[in-house]
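These notes are about the structure you will find just below.
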């Protein structure tokens with residue numbers, strides 16, 4: 001099935017975390033489709049991500065953990081992409097209360113305000129495939145038993161259950177997309193907790209050696225952000241997504257070390273800059289919360305709404321690196 005994204009002429013769209021990596025890419029796409037976009041963000045720190053559309057969107061500063069802030073932006077929104085969140089499993093273990101506030105209280109605020117003021121809104125929520133924990137078999141799918149390893153994955157799973165309850169009890173239109181490893185334009189170059197692939201690009205551009213834990217022979221499923229944006233939009237536009245949870249990946253095995261080699265190769269092609277890596281021992285505290293091999297079966301979302309990854313890992317890497325070449329200096333290394 002080949003999917004088609006519909007025009008969004010005049011559609012009122014709210015994106016929480018709309019200045020972040022996925023949110024900004026989604027906002028730009030929504031504007032191009034004719035939507036009236038409101039971005040809800042705690043700070044304007046990443047305003048550079050939407051420079052090309054900042055005069056075409058409504059930006060509201062607010063705190064997702066404060067009900068009164070959320071309540072102000074919910075009324076009359078037709079589609080709500082809830083992407084604001086604490087996204088690092090390491091941070092969640094160091095500061096569990098922060099993760100609790102952002103990922104659970106924040107999600108509950110969205111659902112409660114919709115229950116009270118806007119029951120017709122479509123709510124699309126960002127989860128993670130690592131809610132499953134260590135996979136016993138590959139590829140993983142929605143039917144497997146969840147066994148999260150960290151506070152982050154646990155809270156994402158609870159948030160997902162909140163959406164199911166509000167769908168079943170109050171009739172809200174809710175969908176959860178469990179993301180695999182994402183990469184692409186507008187991801188930070190200087191922090192591995194916000195995207196390891198682009199972080200490695202940043203290390204090469206800075207002339208630093210890339211560090212790989214262990215032998216690098218663990219499997220990850222890398223999904224380019226444009227594919228992810230399409231899945232978010234399809235989930236809002238196709239009624240078959242209502243009440244569903246989808247695992248979102250590419251079902252393509254890529255070893256971590258091969259990802260690194262591809263980033264090095266593509267960076268040399270685009271920038272003419274050499275990169276290198278070294279293997280180091282896996283830190284014990286990281287190893288305890290690492291889910292190991294990840295590969296995602298996306299057959300459910302393909303069957304329900306027609307989504308499949310259109311842009312390959314290699315093409316996505318090159319598109320990403322070309323973006324940063326054109327924006328050099330805007331994104332700190």
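In the stretch 274-306, the residue that is surrounded by the most Cβ atoms within 10 Å (Cβ to Cβ) out of those that are outside any helix (DSSP H, G or I) and modelled with pLDDT under 95 is 291. Among the residues of the stretch 62-76, those identified as surrounded by fewer than 23 Cβ atoms within 10 Å (Cβ to Cβ), assigned to a loop (DSSP other than H, G, I, E, B) and in contact (Cβ under 8 Å) with a residue 24 or more places away in the chain are 65, 66, 75, 76.
Restricting 73, 129 to residues that are at pLDDT 95 or above and over 20 Å from the mean Cα position of the chain (by Cα) narrows the list to 73. Of the candidates 232, 279, 333, 328, the single residue that is touching a strand residue (DSSP E or B) at 6+ places or on another chain (Cβ under 8 Å) and under 23 Å from residue 185 (Cα atoms) is 232.
Of the residues 43, 87, the single one that is out of contact with any helix residue (DSSP H, G or I) (no Cβ under 6 Å at 6 or more places or on another chain), part of a loop (DSSP other than H, G, I, E, B) and more than 29 Å from residue 302 (Cα to Cα) is 43. With respect to being in contact (Cβ under 8 Å) with a residue 24 or more places away in the chain, surrounded by 17 or more Cβ atoms within 10 Å (Cβ to Cβ), closer than 24 Å to residue 193 by Cβ and touching a helix residue (DSSP H, G or I) at 6+ places or on another chain (Cβ under 9 Å), residue 317 fits the description. Restricting the search to strands (runs of 3 or more DSSP E) fully inside the stretch 210-251 and requiring at least 1 residues that are in contact (Cβ under 8 Å) with a residue 60 or more places away in the chain, more than 18 Å from residue 295 (Cα to Cα) and out of contact with any helix residue (DSSP H, G or I) (no Cβ under 7 Å at 6 or more places or on another chain) gives 210-213.
The single condition from (1) within 19 Å of the chain's Cα centre (by Cα); (2) not in a loop (DSSP other than H, G, I, E, B) that residue 310 fails is (2). Taken together, the criteria exclude residue 34 from residues that are touching a strand residue (DSSP E or B) at 6+ places or on another chain (Cβ under 7 Å), surrounded by fewer than 18 Cβ atoms within 10 Å (Cβ to Cβ) and either at positive phi or part of a strand (DSSP E or B) (or both). Selection of helices (runs of 4 or more DSSP H) fully inside the stretch 92-209 by the criterion of at least 3 residues being over 30 Å from residue 328 (Cα atoms) returns 96-99, 106-117, 151-170. The single condition among (1) under 21 Å from the mean Cα position of the chain (by Cα); (2) free of Cβ contacts under 8 Å to residues at least 24 places away in the same chain; (3) over 30 Å from residue 264 (Cβ atoms) that residue 174 does not meet is (2).
Would a scan of the stretch 220-238 turn up a residue that is surrounded by fewer than 22 Cβ atoms within 10 Å (Cβ to Cβ), farther than 20 Å from residue 321 by Cβ, at pLDDT 95 or above and more than 19 Å from the chain's Cα centre (by Cα)? Among the residues of the stretch 220-238, at least one is surrounded by fewer than 22 Cβ atoms within 10 Å (Cβ to Cβ), farther than 20 Å from residue 321 by Cβ, at pLDDT 95 or above and more than 19 Å from the chain's Cα centre (by Cα), which makes the answer yes. Is it the case, given these coordinates, that residue 251 is buried (at least 16 other Cβ atoms within 10 Å of the Cβ), at pLDDT 95 or above, within 22 Å of the chain's Cα centre (by Cα) and on the phi > 0 side of the Ramachandran plot? Spelling it out, residue 251 is indeed buried (at least 16 other Cβ atoms within 10 Å of the Cβ), at pLDDT 95 or above, within 22 Å of the chain's Cα centre (by Cα) and on the phi > 0 side of the Ramachandran plot.
The values are calculated or read from the model by the stated rules, or taken from the named source; none is laboratory data. As the structure is a computational prediction, the values presented were derived from the model and not from experiment. Ideal geometry is used to build each Cβ from the backbone, glycine not excepted, and the neighbour counts take in all protein chains shown.
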